[in-house]
Amino acid sequence: MRIRPYASDSDFGALRGWIDDERTHALWCANRMTFPLDRESFENAVCGPGNRPFTAVDEDGRPIGFFCLSVEARGGEARLKFVVVDPKRRCKGCGREMLALAARYAFDEAGAHALRLSVFSPNERAKRCYLAVGFSVCGLETGAFRFQGESWDRVVMVKTDAT
């Protein structure tokens, strides 16, 4: 696996198919994009100022994951957003590998000393993945998001260059 900058023409078609139900969509992006996902709302969210969208690709160059990195100019922190892996590749180590590559990029290339992300409380599989690559819980926003009558907490996690 390797990561490279997101390429709209070759990557969006694959990524669009990875989010195929409303709940997964809400867990992934807090409804900051349309469902079903369309290119314009996606790229407006991930390609804005300060964002660096990346695609993880397999050995044949096929997209298998995506994340967006936002680096704060002051404070030396970076934030991971919109992390997603092709459903066919989940639970096979691809998420952990992609996150490790994202962290190395944030620390070694972008000069961050800390990498933060947020995950909704019902997304247990994602939380386990983040913990497995060295993120730790550093905050909790109770009742941060509502979806179809449910109230979700936002779990804030951090990984430092030392972890």
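The values are calculated or read from the model by the stated rules, or taken from the named source; none is laboratory data. Since we're looking at a predicted model, the values are computed, not measured. With ideal geometry, Cβ positions are generated from the backbone for all residues, glycine too; neighbour counts draw on all protein chains shown.
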Answer yes or no: is there a residue in segment 106-119 that is at pLDDT 95 or above, farther than 21 Å from Leu15 by Cα and of a type in the set (S, T, N, Q).
no
A careful count of residues in segment 84-113 that are touching a Cys at 6+ places or on another chain (Cβ under 8 Å) and of a type outside the set (Asp, Glu) gives 4
Please determine whether any residue of segment 134-151 is touching a strand residue (DSSP E or B) at 6+ places or on another chain (Cβ under 9 Å) and under 24 Å from Arg2 (Cβ atoms).
yes
Scan of segment 68-97 for residues that are closer than 20 Å to Gly50 by Cα and surrounded by 16 or more Cβ atoms within 10 Å (Cβ to Cβ), ordered by number:
Cys68, Leu69, Ser70, Val71, Glu77, Ala78, Arg79, Leu80, Lys81, Phe82, Val83, Val84
In segment 107-163, how many residues are surrounded by 14 or more Cβ atoms within 10 Å (Cβ to Cβ), touching a residue at least 40 places away in the same chain (Cβ under 8 Å) and not in a strand (DSSP E or B)?
7
Can you confirm whether segment 32-43 contains a residue that is hydrophobic (A, V, I, L, M, F, W, C), part of a helix (DSSP H, G or I), modelled with pLDDT of 95 or more and under 20 Å from Ser10 (Cα atoms)?
yes
